[in-house]
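No lab work stands behind these numbers, since they all come straight from the coordinates. Keep in mind that what you see is a predicted model, and the values were worked out from it rather than measured. With ideal geometry, Cβ positions are generated from the backbone for all residues, glycine too; neighbour counts draw on all protein chains shown.
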């Protein structure tokens with residue numbers, strides 16, 4: 001009777017489910033790390049600026065351009081027509097229309113390749129119209145500047161929430 005109670009032969013470790021269950025966590029972390037590294041390499045962060053000093057110097061120049069816009073009492077009144085895909089309006093100085101050409105820059109908040117630059121050519125009455133096809137209804141940074149970059153108007157704008165774009169130069173002149 002003593003010889004009839006034998007233990008069955010032990011199975012190798014890989015035949016048990018618990019080692020596989022314990023290894024599942026570290027393997028999932030390694031896969032998630034590989035995916036994160038791949039995403040970081042494929043889509044670099046566009047928000048990082050390489051030269052902070054140069055950008056800081058540019059801020060002072062931009063303030064001079066803001067002061068020039070205030071001295072000219074510039075006002076931009078424009079409206080976006082989504083169906084026609086146009087941004088039209090009027091730029092005035094001292095209440096009179098400005099007839100000189102100017103540029104409108106629309107900067108996408110996160111994807112620089114979607115930035116737009118529009119050339120506005122006012123007619124004899126100061127009205128302009130620029131084609132803006134495929135404008136996303138997201139939050140844009142708008143920069144309006146003279147052809148020689150001697151002045152600028154800046155503001156953020158969400159065409160989905162407000163089709164009208166009104167920018168008034170209001171920097172206080174010391």
Separation between the residue 20 and residue 131 pseudo-spin-labels, each 7 Å from Cα along Cα→Cβ, expressed in nm? 6.1 nm
Find the percent of Cα-Cα distances in the range 71-122 that exceed 17 Å, and round it to a whole number. 46 percent
Between residue 111 and residue 162, what is the FRET efficiency for a Förster distance of 22 Å, r being their Cβ-Cβ separation, to the nearest 0.05? 0.55
Say we join alpha carbon atoms closer than 10 Å with springs in a Gaussian network model of the chain; which of 24, 121, 135 then has the biggest fluctuation? 24
Comparing 111, 162, 42 in a Gaussian network model of the chain (Cα, 10 Å), the one with the largest mean-square fluctuation is 42
Anyone know which of 144, 31, 132 comes out most mobile in the 10 Å Cα GNM of the chain? 31
Angle between the chain longest axis and helix 17-42 axis [Cα atoms, degrees, rounded to 10]: 20 degrees
Is the shape of the range 61-148 best called rounded, prolate or oblate, per the rule: a/c under 1.5 gives rounded, else a/b larger than b/c gives prolate, else oblate, with a ≥ b ≥ c the square roots of the Cα gyration tensor eigenvalues? oblate
In deg cm²/dmol and to the nearest 500, what is the mean residue ellipticity at 222 nm of the chain if only DSSP H runs of at least 4 residues count, each as -39500 (n - 2.57), divided by the residue total? -9500 deg cm²/dmol
More than 21 angstrom apart: percent of Cα pairs within the chain: 64 percent
At what distance in nm do the modelled label points of residue 77 and residue 42 sit from each other, each positioned 7 Å from its Cα along Cα→Cβ? 4.9 nm
Extension gain (nm, one decimal) between residue 33 and residue 62, 0.36 nm per residue minus Cα-Cα: 6.2 nm
Give the angle, between 0 and 90 degrees and rounded to the nearest 10, that separates the Cα long axis of helix 52-71 from the longest principal axis of the Cα atoms of the chain. 30 degrees
Please report the relative contact order for the chain, taking Cα pairs under 8 Å with a sequence separation of at least 6, and give it as a percent rounded to a whole number. 22 percent
